[in-house]
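Report on one structure; see the data block that follows.
The values are calculated or read from the model by the stated rules, or taken from the named source; none is laboratory data. These figures come from a predicted structure and were not determined experimentally. Cβ sites come from the backbone with ideal geometry, for glycine too, and all protein chains shown count toward neighbours. Just so you know, the surface numbers come from the protein's heavy atoms only, side chains and all, with ligands and any DNA or RNA stripped out. Shrake-Rupley method; radii C 1.70, N 1.55, O 1.52, S 1.80 Å.
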Amino acid sequence: MTRLTIMRDGLVRAITPETVVCRCESITRTEVVAEIQAGAASQNAIKSGTRLGMGPCGGKFCGEAAAMLNCAVTGRPRVDLGLPTARPPLRPVPIDALTGDFDYDSLPIPAPAPL
Ligand code: FES
């Protein structure tokens with residue numbers, strides 16, 4: 001499976017300027033390349049400048065494509081770019097969802113251990 005998901009050499013050249021690289025955040029190749037040319041040297045810098053990788057998939061679909069674009073634009077090897085900082089997609093949750101509706105008297109309380 002890993003072999004199937006790795007971008008083949010030269011595939012990055014097939015990405016047209018208007019191709020959406022990050023579908024969660026609707027970021028095109030043009031926007032990614034502009035960010036790299038503006039000085040975004042790392043995956044995190046591209047992420048900070050464009051929101052690429054901040055969608056619901058957390059960059060699973062776009063992260064490697066952005067890295068390969070970075071390699072193509074800068075000529076740097078892929079290993080030098082590293083990985084972006086992973087952050088789980090979190091959203092605010094009302095405290096009621098965590099506490100629930102329960103009765104303290106119905107909580108199972110184990111009997112104390114004999115001394
Ligand atoms: S495709 Fe980029 S964050 Fe999901």
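List the cysteines of the chain that have no other Cys Cβ closer than 4.7 Å: which are they?
Cys24, Cys57, Cys71
With the full set of protein chains in place, find how many percent of the accessible area of segment 1-81 is carbon and sulfur; take the probe as 1.4 Å.
55 percent
Rank Thr50, Thr99, Thr16 by mean-square fluctuation in a GNM of the chain with C-alpha springs under 10 angstrom and give only the top-ranked residue.
Among Thr50, Thr99, Thr16, the largest mean-square fluctuation in the Gaussian network model of the chain belongs to Thr99.
Compute the projected area of the convex hull of the Cα atoms of segment 2-86, averaged over all viewing directions, and report it in nm² to one decimal place.
5.1 nm²
Tell me the accessible surface of Ser106 in square angstrom (1.4 angstrom probe, heavy atoms of protein chains only), to the nearest ten.
Ser106 has an accessible surface of roughly 80 Å² with all protein chains in place.
With every protein chain present, what accessible area does Leu98 have (1.4 Å probe, heavy atoms only), rounded to the nearest 10 Å²?
Near enough 130 Å² of accessible area.
Rounded to the nearest 500 deg cm²/dmol, what is the calculated helix-only ellipticity per residue at 222 nm for the chain, with -39500 (n - 2.57) per DSSP H run of length n ≥ 4?
Calculated mean residue ellipticity at 222 nm is -9000 deg cm²/dmol.
Over the chain, what relative contact order in percent results from Cα pairs under 8 Å that are six or more residues apart?
Averaging sequence separation for qualifying contacts and normalising by length gives 22 percent for the chain.
Would you please name the trypsin sites (Lys or Arg not before Pro) within segment 1-105 that are DSSP coil residues with at most 16 other C-beta atoms within 10 Å of their C-beta?
Working: sites: Arg3, Arg8, Arg13, Arg23, Arg29, Lys47, Arg51, Lys60, Arg78; in loops: Arg8, Arg23, Arg51, Lys60.
Hits after loop and neighbour filter: Arg8, Arg23, Arg51, Lys60.
Please give the net charge around Ala86, taking every other residue with its beta carbon less than 14 angstrom from that of Ala86, where Lys and Arg add +1 and Asp and Glu add -1. If you can, show how the numbers build up before the last one.
Details: positive: Lys47, Lys60, Arg87; negative: Glu64.
Taking every other residue near Ala86 into account, the sum is +2.
Hey, can you find the accessible area per residue of segment 2-86 for me, probe 1.4 Å, expressed in square angstrom? Let's see the in-between values first.
Numbers: 5170 Å² over 85 residues.
Value for segment 2-86: 61 Å² per residue.
Hey, got the dipole for the chain? About the Cα centre, +1 on K and R Cβ, -1 on D and E Cβ, debye to the nearest 20?
Value, rounded to 20: 760 debye.
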